[in-house]
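First the structure, in the form of C-alpha cells, and then the observations on it.
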Ligand code: SF4
C-alpha cells in the first residue's frame, strides 16, 4: 500500500487583514484571485506527487473568497497530478462575514467534504474587540447555510483569552456554540506575542499597537480557567478532546490535522505554504504574493527556504507533536525510531513534571494530564531541553 500523503493549499486573500492575524494574508487584492488559482495549479505540476493523496486542506487567508468552480479546478489538478488518490477528507476554511457569499453548493459539487468556519466568537462585543468583520448573527447564518448545502461535517473555531472576556462570557459563548451543534470545535487562546517567523518581518505598526493594547488586558490565569471550562463543557456535551485545542464528535476528528501530528508527509502549495517530506526536510514557499506569482509564472517553485532536520530536532518534534494528542506517545515507538527512550533524556525533570501532575505515565504510554495540556511548553522542557531552548 502506498504511504499516505497530504496536500495543503494556501489562499492568502482576505477582504480585510485582521489586526491579530499571524497568517500569510493580503487584503483588497480580489482581482488577483484568478491569476493566483492559475499559479496554484501550475505549482502542482512543478512539485512531486509521492504516495497516496488522502486529504486536502484549503486554508488561509479566506479560501471561501474562491468560488466552487475554482476550488474544483484545483482539486481536479491535484487528482490528475497524483498517481494514487483516495481522498477521505477535503476541508475548506470559510469566513462567516455577511459581506462575502461563500459558494456552499459549489464547494459540495467540487468535492469539499468538510467546512471549517472561522466563527471566533458568538458574542458581538468580543467580535468587535477582535476587530472581526462579522457579527454573531452572520456567523450563525453562515453555519446554517453550510448545513443547508448538505455539509454534514462542519467545524468552528473559537477564541478565548480575549482582553475583557470574563469566565462567564466564555461560558456563554461556548453555550451559544453548542446550540449550533457543530461536529468539531477548536478553541484557541488569543495569540499576541510576536512569533519567531515574525521577527524578521514584524506586523505593521497599527497591528502592533492593537496587540500591545490587548496584551495589557490579557490575564493568563483566567485564560487557563477558560481552557479548563471548555474541556468540562464540551466533554459534557459529547465532544471528546483529542488534541490540545481540538474537540470532536465521535468520528469527526480532523484527519488532515491528525496527519500533521503523526508527522506524515505533506505538500504545501501557495504563498508561504510549508511542506514536509515525512523524513528530514521541511521547506516553505515565498510569503510575498508578488514574489510567489513571479516565481511560478516563470516555471520555478518559489521556494523561500528549506531546513534539514537533525536527529535532535526530529526527536523533539516527535515528542512535541505526539504530546499534542490526548492519546500521547508510546515510548517504544520513539525509541524504535530514534534509538533512545525520550524519558531517559532528563529523568529528574520528567519526574518533576509527573509529580507536579502535568504528565501521566501509563506503562509504555506517556500523555499530558488535563493540567499539563495547559502548560504543554513547560512539560516539553523535560524531554528535549536543548531543542526547546533553540526554538
Ligand atoms: S480573516 Fe482570518 S486569515 Fe484573514 S486576516 Fe482575518 S484572521 Fe487572518
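The values are calculated or read from the model by the stated rules, or taken from the named source; none is laboratory data. Only a predicted model underlies this, so the values are computations on that prediction, with no experimental measurement involved. Virtual Cβ from ideal backbone geometry, glycine too; neighbours counted across all protein chains shown.
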When you scan segment 330-339, do you find a residue that is surrounded by fewer than 17 Cβ atoms within 10 Å (Cβ to Cβ), more than 20 Å from residue 261 (Cα to Cα) and modelled with pLDDT under 95, even just one? yes
Filter result for residue 116 (within 16 Å of the ligand (Cβ to nearest atom) and at pLDDT 95 or above):
yes
Within segment 1-41, residues being assigned to a helix (DSSP H, G or I), surrounded by fewer than 18 Cβ atoms within 10 Å (Cβ to Cβ) and away from the ligand (no atom under 16 Å from the Cβ) number 4
Looking at segment 81-89, can you tell me whether even one residue there is out of contact with any strand residue (DSSP E or B) (no Cβ under 9 Å at 6 or more places or on another chain) and more than 16 Å from the ligand (Cβ to nearest atom)? no
Within segment 119-155, restricting to residues that are without any contact (Cβ under 8 Å) to a residue 40 or more places away in the chain and under 22 Å from residue 239 (Cβ atoms), the one that is nearest to the chain's Cα centre (by Cα) is 120
Has segment 160-176 got at least one residue that is outside any loop (DSSP other than H, G, I, E, B) and within 16 Å of the ligand (Cβ to nearest atom)? yes
Restricting attention to segment 55-80, the residues that are away from the ligand (no atom under 16 Å from the Cβ) and either under 23 Å from residue 116 (Cβ atoms) or touching a helix residue (DSSP H, G or I) at 6+ places or on another chain (Cβ under 6 Å) (or both) number exactly 15
Those residues of segment 235-251 which are outside any strand (DSSP E or B) and crowded, with 21+ Cβ neighbours inside 10 Å amount to 239
**Filter pass, residue 52 being more than 16 Å from the ligand (Cβ to nearest atom), assigned by TED's automatic domain parsing to the domain that holds residue 92, over 15 Å from residue 275 (Cα atoms) and touching a strand residue (DSSP E or B) at 6+ places or on another chain (Cβ under 7 Å)** = yes
Kindly indicate whether residue 131 is at pLDDT below 95 and surrounded by fewer than 18 Cβ atoms within 10 Å (Cβ to Cβ). yes
>> Among the residues that make up segment 359-368, is at least one of them part of a helix (DSSP H, G or I) and in contact with a helix residue (DSSP H, G or I) (Cβ under 8 Å, 6 or more places away or on another chain)?
In response: no
Of the residues in segment 90-113, those that are at negative phi, more than 11 Å from the ligand (Cβ to nearest atom) and touching a strand residue (DSSP E or B) at 6+ places or on another chain (Cβ under 7 Å) come to 90, 91, 92, 102, 107, 112, 113
